[in-house]
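The values are calculated or read from the model by the stated rules, or taken from the named source; none is laboratory data. As the structure is a computational prediction, the values presented were derived from the model and not from experiment. Using ideal geometry, Cβ is built from the backbone for each residue, glycine included, and neighbour counts are taken over all protein chains shown.
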Amino acid sequence: MTSNKSESPAPISCTEFQEQLPDLFAAGSHGLPEDPALVEHLKTCEQCSALVRDLQYIADQASLLLQPTHEPSDNVWKKIQAGIDADRNQK
Amino acid sequence: MEPQGLQMNQTKPGPSLFKRNPPIAGEAEAIERAQNGDAEAFSRLYALHKRRVYTLCLRMLGNVSEAEDMTQEAFLHLFRKIGSFRGESAFSTWLHRLTVNLVLMHLRKKGLNLVSLEETINPSEDDAPRRDFGSRDPQLTGSVDRVALERAVASLPPGYRMVFILHDVEGFEHNEIATMLECSTGNSKSQLHKARLKLRELLRHPEQSVQPAGLKESAQ
């Protein structure tokens with residue numbers, strides 16, 4: 001019996017697909033798989049496809065938080081200066 | 001005494017860290033002068049980095065008072081250690097690593113055991129992200145702004161929030177996070193994935209998000 005190379009991969013469930021997602025994202029593939037079974041599932045499953053798209057969008061949007069949005073009070077610098085002065089006086 | 005877990009070694013960061021932390025005009029000169037004891041130059045470094053360091057502390061701790069204390073600690077530590085900065089990584093990367101380690105040490109002192117994220121700060125069933133089966137909610141793409149994301153991140157359980165901030169915001173790699181949090185790389189990947197799943201839920205249902213600490217008084 002010969003194997004048929006054009007045969008579709010065995011279908012996998014959403015659970016099986018989603019279990020692979022942490023590693024797929026960590027591998028830098030933006031959640032996009034190379035494994036034929038995963039590729040096939042992603043092509044045919046609307047829910048998992050939307051999930052991958054949303055998770056990648058969230059990861060991309062995280063850069064919005066790089067810009068600092070908060071300012072420490074002036075008191076913080078005063079305390080740092082006091083700490084520096086104390087350090088210098090100890091020397 | 002060097003604080004436990006505080007790593008001042010300058011491992012080479014990935015390209016993303018340089019991309020995220022490009023050199024700041026006048027910073028290199030201020031670093032050199034500060035290393036030679038110039039107080040004015042150190043004050044310049046504080047002015048350049050105080051907002052990002054404070055924002056990082058605030059996001060990790062969720063508490064204005066503690067965030068200010070840790071900002072103070074981070075810059076005092078910087079003052080004492082700046083002579084050991086050799087420019088092998090971006091200064092801000094180095095400073096943020098120092099800050100993260102101080103915050104983590106603070107959390108450990110408070111009794112928050114970060115050794116095993118799964119066992120100690122894994123969220124309850126109610127807080128954990130749900131599996132995505134049969135949902136008909138609209139996709140998020142294009143719909144999320146900074147304020148909404150800030151609120152959602154503040155609503156994450158501590159373990160999820162920590163890993164999301166370190167990886168997706170600050171740009172640390174999983175192996176670096178695993179070292180900082182004293183957990184496995186797999187654990188870091190898993191926590192990040194769960195964090196993003198939970199964020200997806202929170203962003204789709206913003207009424208579940210909380211008001212982040214400090215946002216009201218200083219949001220821009």
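Kindly check whether there is at least one residue in region B:157-175 that is closer than 19 Å to A:Tyr57 by Cβ, more than 10 Å from every other protein chain (Cβ to nearest Cβ) and not β-branched (Val, Ile, Thr). Yes - at least one qualifying residue is present in region B:157-175. Quick check on region B:138-156: of everything there that is within 8 Å of another protein chain (Cβ to nearest Cβ) and over 20 Å from A:His30 (Cα atoms), which residue is surrounded by the most Cβ atoms within 10 Å (Cβ to Cβ)? Step by step, filter region B:138-156, then rank; the result is B:Val153.
Considering only chain A, give the helices (runs of 4 or more DSSP H) lying wholly within it that have at least 1 residues that are in contact with a Gly (Cβ under 6 Å, 6 or more places away or on another chain).
Per the criteria, A:21-26, A:46-61.
Residue by residue, here is whether (1) surrounded by fewer than 17 Cβ atoms within 10 Å (Cβ to Cβ); (2) closer than 30 Å to B:Met70 by Cβ; (3) at the interface with chain B (Cβ under 7 Å from one of its Cβ atoms); (4) under 19 Å from the mean Cα position of the chain (by Cα) holds:
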| site | (1), (2), (3), (4) |
| --- | --- |
| A:Thr15 | yes, no, no, yes |
| A:Pro22 | no, yes, yes, yes |
| A:Ala27 | yes, no, no, yes |
| A:Ala37 | yes, no, no, no |
| A:Gln47 | yes, no, yes, yes |
| A:Gln61 | no, yes, yes, yes |
| A:Leu64 | yes, yes, yes, yes |
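Against the list (1) closer than 30 Å to B:Ala41 by Cα; (2) among the aliphatic types (A, V, I, L, M); (3) more than 7 Å from every other protein chain (Cβ to nearest Cβ), the condition A:Ile84 fails is (3).
Counting only helices (runs of 4 or more DSSP H) wholly contained in region B:62-166, the ones carrying 3 or more residues that are modelled with pLDDT of 70 or more, in the same structural domain as B:Ile24 (by TED's automatic domain parsing) and small (Gly, Ala, Ser) occupy B:64-81. Filtering region B:99-111 to residues that are aliphatic (A, V, I, L, M) and under 19 Å from A:Gln67 (Cα atoms) leaves only B:Val100.
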